[in-house]
Amino acid sequence: MDRYKKVRGMHDIMPGETEKWQFAETVLADSAKLHGYREIRPPVIEERMLFERSIGASSDIISKEIYSFQDRKGRHLALRPEGTASVVRAFIESAPPIPGKITRLYYYGPMFRYDRPQKGRYRQFYQFGVELLGGKHPFFDGEAVALLDFMARKLNITGYYFAINTLGCPKCKSAYTEIVRSALSAKEDSLCEDCRTRLKISPLRIFDCKNAECRESAACAPAVTETLCKECLDHFGEFEEYVKKAGIPCKKQSGLVRGLDYYTRTVFELYVNGDENAVAAGGRYDSLVRELGGADTPAVGFALGMERLISIVNFKLEKTPSVYLAAMGKAAALKGISIVKELRNEGIAAETDYEDRGLKAHLKNADRSGAQWCLIVGDRELEKNEFILKNMVTGEQENISEDTYLKRIKELIK
RNA sequence: GUGGGUGUAGCUCAGGGGCAGAGCACUAGACUGUGGCUCUAGGAGCCGGGGGUUCGAAUCCCCUCACCCACCCCA
């Protein structure tokens, strides 16, 4: 019989890892709440068209990485490849927008992309993200970066910085795209094959081609900031003021471009020194809400890749104290039922093995379970109305009376 | 989607045409009410799957699948 294996690109997060995830999840959620964000939990399935409209039909994510299918009624659906589209959809759908009102939402969950699996990259992967809807002021962009910075510090990440850039408002962005396209069309011969395709689909991406020759060619195009309208320039200027004032480590990178169509103006990515890939990325998307059928609502947000985050966080996880009950004989086993119940009621993790084992086997179990304490109860103990409490780390043990064992264990554990 | 690497015991891996191996882990005993340390013994595998070459294939060839790494893309 063949054994079942996880399907390509999927991964199990096993005990040993889950503790790290839980820690990171708690820090992220607490940080977001502290900044006024509330959790939203959209479904993982949406209409395929929602993603086409938001991310861009020509993007790689839609054109070759989306998990899409038809259900029994022939509806064209897709597993979400990212979170923003769903959040915006839910935002629009749930209530009529109130002008000037700021809505802060965070989400966490699995995303799906049919990519080739690689280090830190899976077909089902987890993202934590936040979206701030209704905020136009550039300081909101700053606040988004500040929240990421806060999270990084709370997770004890060191040696990180933000790459920041602006793409301009939709007008500036498309104008600049054309400027770059025409500037580089003249140099098409010096571009690599990939970049020639990029020239047609998303010329801005040539700026961060791995090929140095392409980047050199791209350098002849004017920088974004040289072509922006005054409003866009001011917006970016104020954003820079915010991050400077907040003391957030930033590096301006005029080549920074995001792969999703909906970004406008501010874009940023979180990098940890030595890593090539961004841990988190985001930016402003002032047109998306309207494009998805909502009222004109400026917005800014970011998403953070959990797998990548987990791999760079230095975890110092404390073991929670626990007790293993070694009950020998039928009478002790019966007594054990109430003992473990009482321990658990006191918030002390307790486990036992119901097979009738000798003390040796019980201690071995206790050792393997990782319990710091072993409570030994056998016929001898029952006769004297006392138990033996053994410290599994030091090997020391003491007799404790049945009447006061709970109190004594609580003392020792704290 | 492209390129490279690797699939052998539960785990980490050695063996590269002629008996299927080591370390760790596991089980038992030394030690029948004291785990970890030590020693001894033991269990065990369609050598990823399919096809081919050969007297003979874990080993060579072809196909396939999976994992890893890089590109692409992205978090």
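The values are calculated or read from the model by the stated rules, or taken from the named source; none is laboratory data. Here the structure is a predicted model, which is why all the values come from computation and not from measurement. We place every Cβ from the backbone using ideal geometry, glycine too, and count neighbours over all the protein chains shown. Protein only, heavy atoms only, side chains kept; ligands, DNA and RNA dropped before computing areas. Shrake-Rupley method; radii C 1.70, N 1.55, O 1.52, S 1.80 Å.
Net charge of the neighbourhood of residue A:166, taken over other residues with C-beta under 10 Å away and scored Lys/Arg +1, Asp/Glu -1, is +2.
Dimensions of chain A from C-alpha coordinates, computed as largest minus smallest value along each principal axis and given longest first, are 94, 57, 47 Å. Dividing the alpha-carbon radius of gyration of segment A:353-414 by the rule-of-thumb value 2.2 N^0.38 Å gives 1.10. Over chain A, dividing the summed -39,500 (n - 2.57) contributions of all DSSP H runs of at least 4 residues by the number of residues returns a 222 nm mean residue ellipticity of -11500 deg cm²/dmol.
Taking the centroid of alpha carbons for each part, segment A:121-176 and segment A:237-268 are 8 Å apart.
The mean accessible area for residues of chain A, using a 1.4 Å probe and ignoring ligands and nucleic acids, is 54 Å² per residue. Computed from the C-alpha gyration tensor, the three semi-axes of the ellipsoid equivalent to segment A:238-278 are 19, 17, 8 Å, from longest to shortest.
When the C-alpha to C-alpha distance is required to be over 24 Å, the pairs from A:319/A:341; A:335/A:360; A:136/A:252; A:171/A:252; A:20/A:335 that qualify are A:20/A:335. Solvent-accessible area of chain A (1.4 angstrom probe, protein heavy atoms only): carbon and sulfur portion equals 49 percent. Within segment A:322-413, antiparallel bridges make up roughly 50 percent of the DSSP beta bridges whose residues both belong there.
A cut-off of 5 Å between modelled amide H atoms, ignoring neighbours fewer than 5 places along the same chain, links residue A:264 with A:284, A:285, A:286.
3J(HN,Hα) along segment A:307-324: 4, 5, 4, 4, 6, 10, 7, 8, 8, 10, 8, 8, 7, 7, x, 8, 10, 9 Hz, from the Karplus curve 6.51 cos²θ - 1.76 cosθ + 1.60 with θ = phi - 60°, whole Hz, x for Gly and Pro.
Taking every alpha-carbon pair under 8 Å whose residues sit at least 6 apart, segment A:179-290 reaches a relative contact order of 18 percent. Per-peptide packing, taken as the mean over residues of other Cβ atoms within 10 Å, places A:46-53, A:166-173, A:360-367 in the sequence A:166-173, A:46-53, A:360-367 from highest down.
The peptide list A:124-133, A:241-250, put in order of mean Cβ contacts within 10 Å with the highest first, becomes A:124-133, A:241-250. Working from Cα pairs under 8 Å separated by at least six residues, relative contact order for segment A:222-360 is 13 percent.
Taking the three principal axes of the alpha carbon atoms in segment A:196-296, the coordinate ranges are 41, 36, 28 Å, sorted in descending order. Peptide packing: for A:214-221, A:225-232, A:114-121, the average count of neighbouring Cβ atoms within 10 Å per residue gives the ranking A:214-221, A:225-232, A:114-121, highest mean first. Taking only alpha carbon atoms, segment A:180-228 gives an Rg to Rh ratio of 0.93, where Rh is the Kirkwood radius. Spin-label pair residue A:351-residue A:77: with each label point 7 Å from Cα along the Cα-Cβ axis, the two points sit 3.7 nm from one another.
Take every pair of alpha-carbon atoms less than 8 Å apart whose residues are at least six positions apart; their mean separation over the length of chain A yields a relative contact order of 15 percent.
Taking 7 Å steps out from each Cα toward its Cβ at residue A:397 and residue A:70 produces label points 6.9 nm apart.
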